[in-house]
Ligand SMILES: Cc1cc2nc3c(=O)[nH]c(=O)nc-3n(C[C@H](O)[C@H](O)[C@H](O)COP(=O)(O)OP(=O)(O)OC[C@H]3O[C@@H](n4cnc5c(N)ncnc54)[C@H](O)[C@@H]3O)c2cc1C
Ligand code: SF4
Ligand code: SF4
């Protein structure tokens, strides 16, 4: 068997970015993907943020299978019977210049992996890497069942449910409190209906995030993203909270779709797919060792996900980390040194990039976001306050401060509110 | 919408080889049965006090792997190319 400069395990955003970077520099690269085709095993909310896509694929605005460009964000607190939203619309430049855009994984991954092949890498789908070839303690390639593929370096980008990071000795298995489970339906609707209901035109798009009753008050949230001719509707919940509270995500998404503020948005839509996936959400606290002799790990397999409560970013961090891993291997190849010491360059590159900087800045966010008041008391309180303000009882009106005080009663203490605000300032 | 109806919309290439095995002996002593709440595809169901598992609708998320404290779940991916193939994702 030919020995490759690098073997990439998994053709998601991290793996494709790494493979593309190396293949373009002339290295021999093999990418192995367990799905029948690239993207087959993957799902996400669907919003890609930031300039990293343009840095690696300058032509992406013309080429990538973008569903819609994001120009509207709606964040909502919901109780069983209310929904209080902040609705932000932004019209700077033309729609195509928006920094965020919505894509679906089956198309996105296939587009990216085609770029990888065009750059000269070999892509093999339908093959699951099951183990490593070891040379002493150093990784020297991968195994697919009994078949061996030798390589100077393995880049491990096998995602949140990585079985291989542990086998490589980089970390223990993740734990339920550090994981969120996402479930989602693709609901088909005609393009004009989506544009009318969501107040967008052309290629404009909306991302909606919901906090509160959609997860029965458990840490997590609901989301609706607009695709061209469908909606992505889903719920994300801390896995350990599901287990401890005997709640199923499959029930939560049904309740979410029935909520009076959601039902009219999806009316007459046809569900065409149901998907589920894990997300590692504890950031730096759960990060593994990022390299050892002959191996680097990037993306969800290394917990490179940024969740601040208002946004969830993983694909852009995965791509940036993949580029850093690829560049590290290009440097190692030039010196023909693939030892842990040579590969430590990867960590330095990550620290200089937004990946580690953002994860450091928001290192307190995961713990902060476990505060149950965010998902119970605050939605209840803010919605009660709005009800109070808008309610007309025929009696003399009270001033707003009194309505606010009244709505807090039995729900939230002033000291708690001050404490949580201070914590929020530090965390997010 | 019932879970069976939802799963029937998905594209699966179901392997004859079972990729997740549950040791039902261990389940007998399990009171809380957290696997029931882990699985978004409801592959784990309770029937007459027993947990019954079927692998066909598995979405390969891995959640059940992190739910069982008794080591009753032997979990691997389906063989390459088999299992779920999302059309949208
Ligand atoms: C519900 C949900 C919503 C999300 N929303 C967003 C969002 O809006 N924006 C955002 O930026 N991020 C979002 N994310 C996170 C984002 O999807 C991930 O961070 C990103 O996909 C990580 O990329 P990756 O390449 O590391 O892993 P993945 O995309 O998971 O890719 C891993 C690949 O490896 C393959 N693989 C696994 N094991 C093997 C093996 N043994 N052999 C061969 N191949 C293997 C898999 O089939 C897969 O193709 C969301 C995630 C979820 C679950
Ligand atoms: S949690 Fe484990 S031991 Fe308990 S019922 Fe489920 S599979 Fe069996
Ligand atoms: S991997 Fe996910 S979908 Fe499959 S049985 Fe386990 S929990 Fe259910």
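The values are calculated or read from the model by the stated rules, or taken from the named source; none is laboratory data. Bear in mind the structure is a predicted one, so any value in this text is a computation, not a measurement. Ideal geometry is used to build each Cβ from the backbone, glycine not excepted, and the neighbour counts take in all protein chains shown.
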| message | I'd like the full set of residues that are within 15 Å of ligand 3 (Cβ to nearest atom) and in a helix (DSSP H, G or I), limited to the range B:1-14. | response | B:3, B:4, B:6, B:7
| Cβ-Cβ below 9 Å, separation at least six or inter-chain, first residue in the range A:12-24 and more than 14 Å from chain B (Cβ to nearest Cβ) and at pLDDT 95 or above, second within 16 Å of ligand 3 (Cβ to nearest atom) and part of a helix (DSSP H, G or I): which pairs? | A:14/A:300
| said: Looking only at the range B:51-80, count every residue that is more than 8 Å from ligand 3 (Cβ to nearest atom), assigned to a loop (DSSP other than H, G, I, E, B), within 12 Å of chain A (Cβ to nearest Cβ) and touching a residue at least 24 places away in the same chain (Cβ under 8 Å) and tell me the total. | reply: 6
| note | Taking the range A:99-123 and keeping only residues that are within 13 Å of chain B (Cβ to nearest Cβ) and either more than 25 Å from the chain's Cα centre (by Cα) or in a loop (DSSP other than H, G, I, E, B) (or both), one is left with A:103, A:104
| message | Quick check on this structure: which one of A:325, A:321 is closer than 22 Å to residue A:364 by Cβ and either more than 24 Å from the chain's Cα centre (by Cα) or buried (at least 24 other Cβ atoms within 10 Å of the Cβ) (or both)? | response | A:321
| message | Take residue A:247 and tell me if it is part of a strand (DSSP E or B) and either under 25 Å from residue B:8 (Cα atoms) or away from ligand 1 (no atom under 13 Å from the Cβ) (or both). | response | no
| field | Looking only at the range A:374-428, and only at residues there that are in a loop (DSSP other than H, G, I, E, B) and within 34 Å of the chain's Cα centre (by Cα), the one that is nearest to residue A:76 (Cα to Cα) | value | A:375
| field | Sole exception among (1) within 14 Å of chain B (Cβ to nearest Cβ); (2) more than 24 Å from the chain's Cα centre (by Cα); (3) surrounded by 20 or more Cβ atoms within 10 Å (Cβ to Cβ) for residue A:151, by number | value | (1)
| task | Identify the residue in the range B:16-30 that is out of contact with any strand residue (DSSP E or B) (no Cβ under 7 Å at 6 or more places or on another chain) and within 14 Å of chain A (Cβ to nearest Cβ) and, among all such residues, is farthest from residue B:41 (Cα to Cα). | result | B:30
| remark: Taking the range B:15-32 and keeping residues within 13 Å of ligand 3 (Cβ to nearest atom) and under 11 Å from residue B:70 (Cα atoms) leaves B:22
